[in-house]
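One structure below.
Nothing in this text is a laboratory measurement; each read-out follows from the coordinates by a stated rule. Everything numeric here is computed off the predicted structure, so don't read it as measured data. Cβ placement follows ideal geometry from the backbone for every residue including glycine, while neighbour counts extend to all protein chains displayed.
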C-alpha cells in the first residue's frame, strides 16, 4: 500500500547481565513520512501492529483529573508487561509541570519505570537550570547569560544554550545542537531558542532510576523534546502518546504528528513488576488541570505461531 517502512536496532544496556543467546533486537516497524511543510522526516508505528491487541484484555479510562501532587496512584484492574498503551494527556500551557505514567512496577512502587512529561513556563531563560549534553561550541568572551542567549540566537545551528556562572571566561557559554533534558543546577542558566510565537517545548522522558537493582544496567533517563503549537481552539495542550512495552523494551511514539520516537531498555528483576500507576511531581497551579482524557491499555499477543517460536 505504498508505505515506506523501516526498522531500527535497540542495543542491550546491561553488559554484565546473564547471557541468553542474543544481543539486542529490532525495534517495531515504523512507517516514515514527511511533515506537511516537507522539511522533517517523521515516523509512527505501522497500522498492522493493532492486530496484536488482545481485545478481551482491553481496559478504557476517561476524564481522570490529577489536581495534586501524587507520588504513586495505581491504575485499577490492569497488569501486564507485554502491552500497548494509548494515553491522551491534557495540561495547561506555560506552566512548570512534571507528571506521567508508571509502568513495569511492583505493587509497592519500589521497582518501577516512569514515562513522563515535563514543561516549564518560560524555556527561553531558565535560572538554576542545566541542559547537559549536545554541546558543539564554547563561545569566547562571554560575561553574562544574556550574551550567551544572544550568541545562540545568532547561530543557525544552535537550538539551546547553557551559561555556567562559576566557570572562567571562554569556558562558560555552551551552544547546543539539540535540546537535552532539563536538570537543576544552581550555577547554571539555560535556555531554548524560541521558534514561532506561542510554541512551547516539552520533554517526554523515560526515567530508569528505579527500573532495576543491577548497578551495571543503564539507569540514566532517555528523553526527547517535542514542540507544541497553539491553536485558537485550545487553551490547554493536548499530547497523545502510543507506548509499546515488550518485557524489557519500551517504545514511545506521538502517533498523529509523528514528531516523537523513543526507545529504551529496562531490566526489572521482580516477577510482579507488572503494575501501572500515575504520578504528579509538579501539579498545575490555580486555574489549570492535568487530565487524562483517555487511557487505553491492551495486552499484546505474541507474533510467534505454534511450532515457530524463537526460544
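Per residue of the chain, what 222 nm ellipticity follows from adding -39500 (n - 2.57) for every DSSP H run with n ≥ 4, rounded to the nearest 500?
Value at 222 nm, helices only: -1000 deg cm²/dmol.
If I take every Cα pair under 8 Å that is 6 or more residues apart in the chain, average their sequence separation and divide by the length, what percent do I get for the relative contact order?
Once divided by the residue count of the chain, the mean separation gives 31 percent.
With a cut-off of 8 Å between alpha carbons and a minimum separation of six or more residues, what is the relative contact order of region 126-192 in percent?
49 percent
Figure the gain on full extension for residue 147 and residue 4 (residue separation times 0.36 nm, minus the Cα-Cα span) and round it to one decimal in nm.
This chain segment gains 47.1 nm when fully extended.
Of the residues 240, 199, 40, which exhibits the maximal mean-square fluctuation in a Gaussian network model of the chain defined by a 10 Å Cα contact cut-off?
Checking each option, the largest mean-square fluctuation is seen for 40.
When Cα extents along the principal axes in Å is calculated directly from the model, which label among [x] 58, 52, 38; [y] 68, 47, 46; [z] 58, 45, 40 fits?
The value computed from this structure is option [y].
Can you tell me how much longer the chain between residue 36 and residue 269 gets when fully stretched, taken as 0.36 nm per residue apart minus their C-alpha distance, in nm with one decimal?
Full-extension gain reported as 79.5 nm.
Extension gain residue 69-residue 213, at 0.36 nm per residue separation less the Cα-Cα distance, in nm?
That works out to 49.2 nm of additional length.
Decide, for region 1-138, between rounded, prolate and oblate: order the square roots of the alpha carbon gyration tensor eigenvalues as a ≥ b ≥ c, take rounded if a/c falls under 1.5, and otherwise choose prolate if a/b is larger than b/c, else oblate.
Rounded is the answer for region 1-138, as its axis ratio a/c remains below 1.5.
Cβ neighbours within 10 Å, averaged per peptide: list 84-90, 209-215 in order, most packed at the top.
84-90, 209-215
If you line up the long axis of helix 145-154 against the longest principal axis of the chain, both from Cα atoms, how many degrees apart are they, to the nearest 10?
70 degrees
So, in nm, how far is label residue 177 from label residue 238 when the simple model puts each one 7 Å beyond its Cα toward the Cβ?
With each label placed 7 Å out from Cα toward Cβ, I get 3.6 nm.
List the relative contact order of region 25-179 as a percent without decimals, with contacts defined as Cα pairs under 8 Å and 6+ residues apart.
So the answer I get is 13 percent.
For region 175-233 and region 22-83, compute the distance between their C-alpha centroids and round to whole Å.
20 Å
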